[in-house]
Amino acid sequence: MSGSRPRYYLTTPIYYVNDVPHIGHAYTTLACDALARFMRLDGHDVRFLTGTDEHGQKVANSARAAGMDPQAFTDRVSQNFRDLTDAWNFSNDDFIRTTEARHIRSCQAIWRKLVAAGEIYLGSYAGWYAVRDEAFYGENELQDGPDGKKIAPSGAEVEWVEEPSYFFKLSAWQDRLLAFYQANPDFILPESRRNEVISFVKGGLRDLSVSRTTFKWGVPVPDDPDHIMYVWLDALTNYITAVGYPETERESFKRYWPADLHMVGKDILRFHAVYWPAFLMGAGIDPPHRVYAHGWWTNEGEKISKSLGNVIDPLELAAKYGLDQVRYFLLREVPFGNDGDFSHRAMVGRMTNDLANDFGNLAQRSLSMIAKNCGGRLPGPGAPSDADRALLDAAGDLLARLRGEYRVQAFNRALEATWEVIGAANRYIDEQAPWTLRKTDPARMGAVLYTVAEVVRRLAILSQPVMPGSMGRMLDQLGVPDDARDFAALAVPLAPGTTLPQPQGVFPRYVEPEAGADRGPAGPAPGRSTSH
RNA sequence: GGCGGGGUAGCUCAGCUGGUUAGAGCAGUGGAAUCAUAAUCCACGUGUCGGGGGUUCGAGUCCCUCUCCCGCUACCA
């Protein structure tokens with residue numbers, strides 16, 4: 001049954017557990033969730049993966065600081081991300097953790113493949129290392145200290161160290177990667193990011209250190225227990241682990257790989273667009289179809305950072321404005337791919353204008369008239385007039401339009417297109433003036449109200465990917481059964497005569513808290529300490 | 001420094017391969033309507049399209065130059 005449906009496999013990055021979930025995590029997963037829901041409603045066999053990245057020295061250190069063993073520690077912090085998944089109504093089909101047995105097995109398998117292919121060799125990694133920062137620095141980042149020592153930007157003293165390390169022969173992949181980008185122009189989106197990646201690769205590639213010996217919290221390198229696999233090879237491999245690697249003959253692997261989309265933040269584009277396809281091709285595995293690098297959010301125009309103390313908590317955000325309102329805002333406010341600014345003013349503007357006034361009120365005004373003037377039963381359409389047909393056609397054409405936009409992750413444009421139809425429906429009501437028809441031509445009034453209800457039905461079905469909860473409630477009020485809410489059901493109009501429940505507003509306006517009771521992530525900052 | 005992308009109405013931005021009076025949303029002003037969450041609908045912009053020069057019958061849209069902003073320029077994830 002699922003065999004005949006087109007498949008769609010998409011992933012979020014796995015989130016590093018040494019951090020609590022913030023708006024950036026929520027945003028990435030939200031974009032995937034909307035896309036996953038759209039594809040499911042459109043008849044695709046969707047596989048939507050998210051998860052947590054749990055290895056690395058920082059995690060080991062944090063665990064030690066918390067007096068826990070690393071596994072117990074990651075068990076706990078990984079849960080924060082699962083909680084976000086529930087709180088934001090994300091519909092992922094799987095949640096992978098890099099500490100799971102399936103993943104460790106998968107990493108070691110791809111490692112062996114790369115070794116067998118001659119893509120990995122043992123060398124030594126040398127560089128300026130700051131013990132205090134537990135990090136390497138480039139020569140150009142260093143400054144001369146007082147006694148001839150080199151000093152890192154952080155002020156820490158660095159020393160020249162060498163450690164044995166396995167390397168991936170990335171340097172050999174320059175031409176093949178460039179050819180791959182050329183042959184697959186949509187592999188990296190947005191286009192500006194693609195240019196950056198190509199420019200980077202054209203500048204030449206160096207071999208990549210892919211193992212470490214200085215700490216132990218990672219996937220052991222096969223046949224060399226002194227080494228663990230280093231971050232990116234470990235982390236990126238999750239995308240194939242989750243569909244069954246190394247069992248490449250397994251149904252799930254054959255069905256879902258190569259992935260249709262890796263959604264990532266712009267900060268980790270290179271790893272996904274350069275290293276990952278090279279790793280995969282080196283191991284004889286097809287690279288994914290697309291990597292999309294989205295932008296970042298600022299808070300009230302300010303860069304978000306822990307030190308500024310203006311980190312936005314996704315749970316607080318949803319509690320303050322409503323989950324679907326926030327989901328809508330994030331996907332509507334900026335052209336997807338660009339950076340965006342989260343401001344209270346803009347959020348409330350979208351809530352009020354787009355959701356409460358345009359869409360919510362459209363449903364409410366039409367459903368109220370049906371409740372009051374049609375005995376709470378859906379009237380019949382009658383013979384459609386030109387105006388009826390024009391509006392129904394606009395709503396009917398919307399699916400094709402949205403497919404085009406979702407296909408390229410243009411969520412904002414998809415929503416703009418949806419709101420064009422909402423605007424047309426509001427104009428239609430004003431022009432048809434059913435409140436006048438009530439006295440002069442009740443049958444025509446019924447036809448008008450039916451037409452609006454049918455258009456609202458289509459709008460609600462098509463808006464489910466972004467606002468699943470609210471649209472579910474709107475469809476409830478239209479008497480649409482649960483099994484008639486996918487895109488195939490768009491072609492089956494509302495049944496006249498259906499008894500409808502009492503209408504209730506779906507999108508309340510934002511009410512400012514009483515003065516003095518103000519709180520929340522986007523509120524004015526309390527006095528900031530000036531101590532330094 | 002190198003490569004790339006930008007500077008268009010108060011704000012956020014559309015404007016593809018050059019061609020009718022440069023557009024949208026928000027904000028603002030006026031009006032209509034009153035079904036609806038005081039929501040909706042209609043009307044209203046004298047914008048040096050960053051500055052200057054050039055190509056062209058014609059440039060926001062091409063070329064040169066100046067200026068300002070942003071991104072990338074590898075092993076913290």
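Quick note: the coordinates plus some simple rules give every number you see, no bench work behind them. Because the structure is predicted, anything quoted here is derived from the model rather than measured. Glycine gets a Cβ as well: all are built from the backbone with ideal geometry, and neighbour counts include every protein chain shown.
Full extension of the chain between A:Arg105 and A:Arg250 gives 50.7 nm of extra length, using 0.36 nm per residue less the Cα-Cα distance.
Among A:Thr99, A:Thr298, a tally of other beta-carbon atoms within 10 Å of each Cβ gives an order, fewest to most, of A:Thr298, A:Thr99. Near the amide H of A:Tyr166, within less than 5 Å, lie the amide hydrogens of A:Gly123, A:Val210, A:Ser211, all on another chain or at least 5 residues away, with H placed in the peptide plane. Using a simple spin-label model with pseudo-atoms 7 Å out from Cα toward Cβ, A:Asp223 and A:Thr499 lie 7.4 nm apart. Per the Debye formula on identical point scatterers at the alpha carbon atoms of the stretch A:379-430, with no solvent, log10 I(q)/I(0) at q = 0.14, 0.24 Å⁻¹ is -0.42, -0.88. Each of A:Thr436, A:Thr52, A:Thr248, A:Thr74 was scored by other Cβ atoms within 10 Å of its Cβ. Arranged with the fewest first, they read A:Thr436, A:Thr248, A:Thr52, A:Thr74.
Taking a ≥ b ≥ c as the square roots of the eigenvalues of the Cα gyration tensor, the stretch A:331-407 is oblate, since a/c reaches 1.5 or more and a/b is not larger than b/c. From helices alone, chain A scores -13000 deg cm²/dmol at 222 nm; the rule is -39500 (n - 2.57) for each run of n ≥ 4 DSSP H residues, then divide by the residue total.
Given chain A reduced to its alpha-carbon atoms as identical point scatterers, what log10 I(q)/I(0) does the Debye formula return at q = 0.06, 0.09, 0.13 Å⁻¹? Values, matching the q order: -0.36, -0.75, -1.31.
Applying 1/(1 + (r/R0)^6) with R0 = 30 Å to the Cβ-Cβ distance of A:Asp86 and A:Glu157 gives a FRET efficiency near 0.05. Pairs exceeding 24 Å between alpha-carbon atoms, taken from A:Lys113/A:Lys254; A:Lys58/A:Lys149; A:Lys113/A:Lys216; A:Lys149/A:Lys266; A:Lys58/A:Lys266: A:Lys58/A:Lys149; A:Lys149/A:Lys266.
The simple spin-label model puts a point 7 Å past each Cα toward its Cβ; for A:Ala117 and A:Asn357 those points are separated by 5.6 nm.
So for chain A, averaging the separation of alpha carbon pairs under 8 Å that are six or more residues apart and normalising by length, what relative contact order in percent results? For chain A, the relative contact order is 15 percent.
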